Amino acid sequence: MSRYWSAVVHDLTPYTPGEQVQMPGLIKLNTNENPYPPSPRAIAAMQAAAGEQLRKYSDPSNAVLKDAIAGHFSLRREQVFVGNSSDEVLAHTFHALLKHDLPLLTPDISYSFYPTYCSLYGIEARQVPLNAQFEIDINDYCQPCGAVIIANPNAPTGIALPLTQIEALLQAHPDQVVVIDEAYVDFGGESAATLVDRYDNLLVVQTLSKSRSLAGLRVGFALGHADLIAGLERVKNSFNCYPLGQVAQAGAVAAIEDEAYTQQTAQAIIASRSWLTGQLQALGFEVLPSKANFVFARHSGHDGATLAAGLRERAILVRHFKQARIDQFLRISIGTDEECMQLVAALKSIL
Ligand SMILES: *Cc1c(COP(=O)(O)O)cnc(C)c1O
């Protein structure tokens, strides 16, 4: 608390990220980082970009990166927005597109940055409860609203909606922006990017942090109608004209282009997820059906916070949320097979 703070600062509830502990031998399954390294082509491109040319400002229009993303999704450059992480892209989205007279609809259990942005930008939100199976039910979103944002697959449940449901949501709100946060879509979900040409109210947000193993590079993007993108550009250019440096742009382009590598590592994670799910179920856990690079699981005989603390004593970090409805669950990021095996061994010894 400081008497020098602006009034708005007193009322903020900042987002709390998963712990970033540096400890030798620690198994970190708490922040959904990819256990595999980035594409070697991305690393080479970043090394090549880290030279004399850093003297100059980076390209404020991000043309090369936008073209790479547009090419990947068969869209045009005007339909692409890029930013310093998808968190930044989401922040600009809340600011530019989601503040209206009627409330923003968002699931009661979803990415906890959404309420944080609402408080930062003074947006009224109405939290729509997930159903008893922890699923988003599109029918619950058929009510007057200013805009809608959901994550698909949702976090921290990992449950994905099929594209037909996303399309139904878009059709139910022809006059509102519908934002689909697809941070985890490459691990088995269906992307709404294919609907961008047909729905001018759709904004799809993705990140290079998860499926492209570049959480430390901070690159995210949005896909949508050129008018939505132009709105985002206005906010971005009122905030920071150069959010992405040359190294980040070069690495992101190479990572997007190395689709074979993204597919290969995503398939490895999907295989590990299926193995881990079976092992957890054999130990008595209920595991929600995940299409993400994490699983969300609870044990009827063991308290979630106690399990997380027990794993921590064994140098394994998982994420536990002290939140109503989900405080018995653990969110466990999919690690390498070796890490998944060590997790299962640790849980066996605790149980
Ligand atoms: C990880 C995550 C993001 C943020 O990704 P960054 O690009 O690293 O900021 C956005 N949305 C959801 C649902 C996430 O889980």
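The values are calculated or read from the model by the stated rules, or taken from the named source; none is laboratory data. Here the structure is a predicted model, which means the values were calculated and not measured. A quick note on method: Cβ atoms are made from the backbone with ideal geometry, for glycine too, and the neighbour counts reach across all protein chains shown. Each accessible area value is taken on the protein alone, full model and side chains, heavy atoms only, with ligands, DNA and RNA left out. Shrake-Rupley method; radii C 1.70, N 1.55, O 1.52, S 1.80 Å.
Computed on the chain, with alpha-carbon pairs under 8 angstrom and 6+ residues apart, the relative contact order is 24 percent. According to the Cα-based calculation, Rg over Rh for the stretch 24-133 is 1.06, with Rh computed by the Kirkwood formula.
The accessible surface of the chain, taken with every protein chain in place and a 1.4 Å probe, is 53 percent carbon and sulfur. Between the residues Val148, Val247, Ala160, the greatest Cα displacement towards the positive end of the dipole of the stretch 40-257, with unit charges on the Cβ of Lys, Arg, Asp and Glu, is found for Val247. By the rule of a C-alpha distance below 21 Å, with chain neighbours fewer than 8 residues away ignored, the lysines paired with Lys322 are Lys28. Computed over the alpha-carbon pairs of the stretch 40-257, the distance histogram in 10 Å steps reads 8, 35, 36, 16, 4, 0 percent, short to long.
Quick one: longest stretch of the chain between exposed loop trypsin sites (Lys or Arg not before Pro), exposed meaning at most 10 other C-beta atoms within 10 Å and loop per DSSP? It works out to 57-197. Its alpha carbons give the stretch 221-351 an Rg and a Dmax of 19.8, 56 Å. A 1.4 Å probe run over the protein chains yields, for the chain, 44 Å² of accessible area per residue, whole-number rounding. Taking 0.36 nm per residue of separation and subtracting the Cα-Cα distance, full extension of the segment from Asp227 to Gln143 would add 27.8 nm. Based on the Kirkwood radius over alpha-carbon pairs, what value in µm²/s does the Stokes-Einstein equation return for the translational diffusion coefficient of the stretch 79-160 at 25 °C and 0.890 mPa s? In µm²/s, the coefficient is 185. Cross-link reach is defined here as a Cα-Cα straight distance under 25 Å, omitting same-chain residues fewer than 8 places apart; for Lys66 the lysines meeting it are Lys56, Lys210, Lys236.
Taking His92, His320, His72 as the candidate residues, the one with maximal mean-square fluctuation in a Gaussian network model of the chain, Cα springs under 10 Å, is His72.
For the stretch 82-236, the relative contact order comes to 27 percent (Cα pairs under 8 Å, sequence separation of at least 6).
Relative to the current alpha-carbon distance between Gln263 and Phe239, full extension at 0.36 nm per residue lengthens the span by 5.2 nm.
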